Amino acid sequence: MATLSAKPGQRFTMPDWHTNSHLISADAERQRSASHQVQQEARALRNETNNQAKWDEHDNQTRLAERISSVNRWKETLDKCLADIDVEIDALAKVKEAAERALQAKNLPLDVSIECLTLRESRCAIDLVRDPVGEELHKEVKVIDKAKKELQQRVNKAFEQLCLLQEARQQLSCDHRCKMEALEIDRVCLSLNVNSPNISLKVNPTRVPDGSTAPDEWEQNSQCNKEHAEAEMKASTELREATLLAIAQTNNELEAQRVATEFALRKRIRDLERAYDELKWQEQNTLEEIPEMEEDIRHLEEDLRRKMQDLKVAHTRLETRTYRPNTELCRDQVQYGLTDEVHQLEGTIRALKQKLAEAQDALDALYRQLHRIQTDIGYKANSLLLDNKCLDTRRKLMVPAEKFVPELDTFNRTTNRALSPPKNGQLELA
């Protein structure tokens with residue numbers, strides 16, 4: 001009779017066996033469902049990421065193309081601006097050379113005038129008089145000196161403006177070179193794709209490089225360079241026109257005649273009389289204004305003292321109320337009112353002090369102005385005395401000054417007739 005070699009294992013019932021089969025089937029169903037869900041999510045993710053990548057790449061392609069177009073527009077603008085500034089530099093350089101030639105051309109008339117004055121110093125006895133010829137020669141020397149100074153200033157300003165134009169051109173040129181390099185880089189970026197041989201992963205490619213600027217700053221920089229260049233070109237154009245006008249004016253002034261001395265002297269006396277009367281009127285008004293200002297200062301000082309007393313009262317009330325016991329030390333309406341009063345008084349005191357300082361400054365200015373007026377009145381009285389003596393001395397001439405006033409062109413302010421030799425009447429008048 002055979003015997004069992006080992007203890008028989010655990011025996012399961014049929015319901016357990018069926019339950020186990022159902023569990024295995026249910027787990028298989030769940031796993032297949034989960035697998036199906038993962039597959040669907042993976043496919044959706046692939047579609048979404050592929051679409052997102054394509055759209056991102058398309059958007060960046062568009063942005064690159066727009067950026068290239070924007071930079072190219074600025075490059076063309078800078079090209080035109082560079083061409084314009086080159087033209088302006090050449091034009092200003094030519095005008096500067098013309099001014100230098102005009103300045104050089106004034107040396108000969110100056111030498112001739114000085115030589116004529118030197119020759120006339122050889123006159124003897126009664127002929128050694130201050131006649132209109134001598135006056136005109138001295139006037140001519142002054143006019144030539146003034147013309148030379150004016151032309152020299154124009155030459156200096158032209159040189160300075162040329163330096164400014166060159167500086168503006170340098171800025172434009174630097175900006176233009178940067179835009180050319182940026183265009184080249186962006187065009188290379190636009191040409192890249194997944195099949196390009198020189199693409200690779202980089203270390204921290206999303207970093208913001210040092211010295212990066214915002215788009216507004218980038219455009220503002222180019223706009224500032226353009227506006228600066230345009231402003232310098234405008235200033236250069238105005239300087240060229242002013243220089244050409246100065247050359248013409250200095251040439252015309254050498255041939256123009258001054259208004260007769262008698263007319264200028266009478267006009268000067270009238271101006272001195274009007275200035276003297278005006279100063280006397282100003283002196284009277286200033287003398288009347290000073291007491292009023294002093295009275296206002298006294299009122300301001302009194303108001304300031306009263307406000308300081310009011311502030312002391314408010315401070316004392318606030319400090320005294322801090323000694324209220326226990327819960328009586330509350331921030332009641334009185335506390336707020338006193339605090340507001342202190343702030344209001346402090347503001348009022350500051351305003352009064354400021355106004356007092358302004359009033360005292362105004363009073364000092366009135367005293368200084370009064371001294372200046374009285375000093376100028378003395379100057380005008382002395383000038384009137386001297387000019388009236390000159391006029392009395394010249395009464396023996398009795399030659400109408402209107403006869404010697406040249407007819408002026410209202411456009412260029414130069415004489416419309418050729419210079420004629422001085423007459424005897426003119427000799428006596430001068």
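What do you reckon, is K54 out of contact with any Gly (no Cβ under 9 Å at 6 or more places or on another chain), closer than 30 Å to A229 by Cβ and either among the hydroxyl-bearing types (S, T, Y) or open to solvent by 90 Å² or more (accessible area, probe 1.4 Å) (or both)?
Against the criterion (out of contact with any Gly (no Cβ under 9 Å at 6 or more places or on another chain), closer than 30 Å to A229 by Cβ and either among the hydroxyl-bearing types (S, T, Y) or open to solvent by 90 Å² or more (accessible area, probe 1.4 Å) (or both)), K54 does not qualify.
Filter segment 316-326 for residues that are touching a Leu at 6+ places or on another chain (Cβ under 9 Å) and of a type outside the set (A, V, I, L, M, F, W, C); which is nearest to E346 (Cα to Cα)?
R317
If you check E301 against the conditions, is it open to solvent by less than 80 Å² (accessible area, probe 1.4 Å) and either closer than 30 Å to L363 by Cβ or not in a helix (DSSP H, G or I) (or both)?
So E301 fits the description; yes.
Might you let me know whether segment 243-251 holds any residue that is small (G, A, S) and within 21 Å of R154 (Cα to Cα)?
Yes, because at least one residue in segment 243-251 is small (G, A, S) and within 21 Å of R154 (Cα to Cα).
Between residues in segment 236-255 that are in contact (Cβ under 8 Å) with a residue 60 or more places away in the chain and over 16 Å from K106 (Cα atoms) and residues that are open to solvent by 40 Å² or more (accessible area, probe 1.4 Å) and of a type outside the set (D, E, K, R), which pairs lie under 9 Å by C-beta distance while being six or more apart or on different chains?
Correct list of pairs: S236/L164.
Looking at K226, is it in contact with a Ser or Thr (Cβ under 7 Å, 6 or more places away or on another chain) and either without any contact (Cβ under 8 Å) to a residue 12 or more places away in the chain or under 26 Å from V87 (Cβ atoms) (or both)?
So K226 passes the test.
For segment 163-191, how many residues are over 23 Å from the mean Cα position of the chain (by Cα) and at pLDDT 85 or above?
The total comes to 17.
Restricting to segment 334-351, what's the tally of residues that are open to solvent by 40 Å² or more (accessible area, probe 1.4 Å), hydrophobic (A, V, I, L, M, F, W, C) and touching a residue at least 24 places away in the same chain (Cβ under 8 Å)?
0
Report, by residue number, each residue of segment 78-99 that is hydrophobic (A, V, I, L, M, F, W, C) and exposed (fewer than 12 other Cβ atoms within 10 Å of the Cβ).
The answer is A83, V87.
Given the criteria surrounded by fewer than 15 Cβ atoms within 10 Å (Cβ to Cβ), modelled with pLDDT of 85 or more and either over 19 Å from I373 (Cα atoms) or over 35 Å from the mean Cα position of the chain (by Cα) (or both), does E294 qualify?
The answer is yes for E294.
Where residues in segment 243-277 are loosely packed, with under 14 Cβ neighbours inside 10 Å and assigned to a helix (DSSP H, G or I), which of them is modelled with the lowest pLDDT?
Per the stated criteria, the residue is A264.
Test E140 against the criterion of being acidic (D, E), touching a Ser or Thr at 6+ places or on another chain (Cβ under 7 Å) and modelled with pLDDT under 90, and give yes or no.
So E140 passes the test.
Kindly indicate whether D216 is part of a helix (DSSP H, G or I) and open to solvent by less than 100 Å² (accessible area, probe 1.4 Å).
So D216 does not fit the description; no.
Each row is one residue, and each column tells you yes or no for (1) part of a helix (DSSP H, G or I); (2) touching a strand residue (DSSP E or B) at 6+ places or on another chain (Cβ under 9 Å); (3) among the acidic types (D, E); (4) at pLDDT 70 or above.
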| position | (1), (2), (3), (4) |
| --- | --- |
| E76 | yes, no, yes, yes |
| V87 | yes, no, no, yes |
| D90 | yes, no, yes, yes |
| A93 | yes, no, no, yes |
| A98 | yes, no, no, yes |
| R101 | yes, no, no, yes |
| E115 | yes, no, yes, no |
| R130 | no, no, no, no |
| E136 | yes, no, yes, no |
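The values are calculated or read from the model by the stated rules, or taken from the named source; none is laboratory data. A quick note: this is a predicted structure, and the numbers were derived from the prediction, not measured. We place every Cβ from the backbone using ideal geometry, glycine too, and count neighbours over all the protein chains shown. To get the accessible areas, we keep the full protein, side chains included, count just its heavy atoms, and leave off ligands, DNA and RNA. Shrake-Rupley method; radii C 1.70, N 1.55, O 1.52, S 1.80 Å.
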